[in-house]
Amino acid sequence: MHSPIELTHPHPQSSSIVRNGRSPQKVAGEQAVAPSGRRGTDTLERRIAPGAFYNSGRKYDDPKCQPRTRNSILTMITNWLNDDRRDCGMLWIYGPGGSGKSSIAQSISQFCDERGWLAASFFFARAIVGLNTEKHFMATIAHQISVSIPDTRRYIAQAVESDPSVFSGSLETQLQVLIVNPLLQAYAALGDKRGSKRWARLIVIDGLDECQGANVQRYIVRILSTALIHRKVPLFILVSSRPEPPIRDSFNSYDLRDIIYTIVLDEHYLPDSDIKRYFWTKFDQIKQTHPLRTYIPPTWPSTQIIQNLVQRAAGQFVYASTVIKYVDSAQHRPVERLDSVLRIANPMGDIPFAELDSLYRHIFASVHNIKGVLRILGALLFAQRLYSKKTAPNDPELPIPVTDPRFLEELLSLNRGDVSFILSDLHSILSVPDSRRNPIASQQPSPSSSTGPKSGETGIRILHSSLVDFLTDRSRAGRYFINSVKVHAELARACARNLLSGHKYVHQYAGQALVTHCRYSVLTHELLTDLLNFDLASWLTTCKTWNDGGGPFDQAWSELPHLFSWFRTLTYPDPQKDLYDRHMHAWDQYLHSELSKYFSDEYLTDLLTFVTYPHLLWDWLHVWPLLGVPVEESVEKEEADKRGLYLMGLKQIYDPYRHMMMQFLTDAARAGRYAMTPAHYTRVALRMARYLFEPKKPGKLYQYKLPKEWTWYRQDHEDKIFREKKTKETFQAGLQYLPFYLDQSECNDELIAYLQKNQLDPIRAQELPRLAWSEDKTKLEGAVKDYLKRCKDGPSEPRPGGPNLHPVASPP
């Protein structure tokens, strides 16, 4: 009895589209994308990580299994795929670093793709931006499924177009909307043809342990298994990883017992025979292709040497591949290089990775500038994986090329070509492009490109993660150990120096990564000196050039409180060198220069009062109707605000930053003429009362601007429902704001007369939830009575130190 969906692809030509990593094209017999789904397809393509494909451009040195190696494992996997008794399942291949997991995943991906069995693949990579997190995971899988299984394409495209914000949702939501539902819809649409229709159905996920965050790793396993068990999605999922506890515990759960199949890469699968075959094959290639091949004896290497190397490898393919790359150096004689490897003594005995560690130490001992090597490798390991500024709202996010030689030379103040020269002896463990042929500008997307540069194609690449484990373990690396806190200190210094760099990517990286490197560093004398000379105003101004995701200031909003908090925790050798005091003074000066623009406009001054509200704020779009500002004027004022402090971009998650501004605005000693006074609150209270107390005019709604994520597909629609909903929210926001403003207001004849004459609009009360209306109404009525009583009894003395404020609540 065959399963309903066979492992044969109906359109071999479309399979080649995935293999080449290009955008899907229509082919004969393929179901065309509905016109309404075209935008969805384009949006999806902009969200993928092209470097995650099993055959992406970054994998020019394919780590596939060599011919006639790992035959038993590859046979077991193909048998699992062709098992007629099941329609879905999960296979977990696990083993220690260097055991050949990625090679097997690569080989099985190619094998299945050539036969039309591969639905999608995603190869995580710890050191490559975009491939070390879950951010692009579901979009990349969905994109490949839309090409390898054409029947799903229109459903996936329409799902994206119907809800373009799906990519900001949880992974589980993305899986459901982009993959599970389209697959089940396409399968249901087959009807009576289900028995004869044949689909690709294998998804390969390699290096799950290299995805950042143990909780994320556990979460991915859970939601994928749930889709297979409860939704009966017709897919087979192969996962390869190290047996890290969160992944191991997830696969060992009771729920997976019926669908999970595991393969352990240990001695039971005869790795020694595969490694021996690998050595013979590679040494034969060296004798045929090496530039100095005429000096290699025909009997080299001997059987005893091969056996010696196999014993040293101890089942680790990474040892074998590193030896081959080291011996195959075009600048050295292969026989002499192999002899030097065989002379390496292992003082650690049978300790795991002892031979590999000895080989790594031998390689590092032969370099001419070990200090420079460790400095560059430290930057590679601990540089932040960040994104550059978009050139247009619909452009893809461009990763800052932190592994590019030219970038590292600029960041670390090296001369042009130094990186390639310093790392020239390490080609057996690193892939190092020539910076002269690899300009950073090449990462700019071409005008015709829809996906931009592919992650990790042009930078320095560590060939195996075991090198990272070695370098970051003091007990294994010895004098080659890379201390993370010292590296962060050096990178923090580099960022402080490069804030005003004329180099686009270095300038942006310096601004975005400075605070993170500071917080993870140890305060060295050199770092203290650089930070004393650090110009806070330049950094804040630089923020305006960063990515458009949350507004020009999103980095400063989140990082500035952390920076001052870090300054406070430090111990200084000299009180005159206190970074907190020095930069708090600079922060005050910066605010003085910016606030002059706000105090020249009455409504922008009113905007500042909302910064001092002591509780969580409502959305800023409610401010203008509460202040009585017409839509036409609000656009101009929002632009002025965006060029200044961009207060209207502040969300609840940035309340620690708002709290810093509130402390300034309510401290007359610091703010001077820019301090908030009772007169400011009185003016806003009167305007807000007029909005709340005057009767609602039927048919007239404030023309709130639609959110960006709506406008691209609803730009020609008059969304009355949206504006009615926002009108209700504005009214409720005003109910909660006004008591605070009345408490801070001075006695004002116009405000007193208005409050005595008017009351809340009863019609609007019917539009709010009864409980919310009752509670907020009671508080406001009490605040009005308190204000009128206070003014009747006589004006109170001005409150010392500004308004009676409480700390802003911590963001959720």
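The values are calculated or read from the model by the stated rules, or taken from the named source; none is laboratory data. Note that the structure is a prediction, hence the values are computed from the model and not measured. Heads up, the Cβs are rebuilt from the backbone with ideal geometry, glycines too, and the neighbour counts pull from every protein chain shown. The protein model used for the area step is the full one, side chains on, heavy atoms only, and it has no ligands, DNA or RNA in it. Shrake-Rupley method; radii C 1.70, N 1.55, O 1.52, S 1.80 Å.
Quick look at the values:
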quantity: Probe 1.4 Å, all protein chains present, accessible-area order of Lys728, Lys777, Lys371, largest first; calculated: Lys371, Lys728, Lys777
quantity: Relative contact order (percent, whole number), the stretch 271-365, Cα cutoff 8 Å, 6+ residue spacing; calculated: 28 percent
quantity: Debye, to nearest 20: dipole size of the stretch 271-365, +1 on Lys, Arg Cβ, -1 on Asp, Glu Cβ; calculated: 300 debye
quantity: Exposure rank, largest accessible area first [His368, His659; 1.4 Å]; calculated: His368, His659
quantity: Area accessible to solvent at Lys287, 1.4 Å probe radius, in Å²; calculated: 60 Å²
quantity: Simple Cβ-charge dipole of the stretch 214-347, Lys/Arg +1 and Asp/Glu -1, about Cα centre, in debye nearest 20; calculated: 280 debye
quantity: Heavy-atom accessible area per residue - the stretch 88-195, 1.4 Å, Å²; calculated: 28 Å²
quantity: Over 26 Å (Cα to Cα) - which of Lys728/Lys777; Lys504/Lys577; Lys705/Lys757; Lys597/Lys705; Lys101/Lys371 fall in this group; calculated: Lys504/Lys577; Lys705/Lys757; Lys101/Lys371
quantity: Solvent exposure ordering (accessible area, 1.4 Å, most first) of Cys88, Cys518, Cys747; calculated: Cys747, Cys88, Cys518
quantity: Extension gain, Leu500 back to Trp280 (0.36 nm per residue minus Cα-Cα distance, nm); calculated: 73.8 nm
quantity: Per-selection Rg to Rh, the stretch 470-576 - Cα, Kirkwood hydrodynamic radius; calculated: 1.02
quantity: Solvent accessible area, Å² - Val635, 1.4 Å probe, full protein context; calculated: 70 Å²
quantity: For Arg406, solvent-accessible area (1.4 Å; no DNA, RNA or ligand), Å²; calculated: 60 Å²
quantity: Positive-end residue of Ile306, Ile344, Ser329, charge dipole of the stretch 271-365 with Cβ unit charges; calculated: Ser329
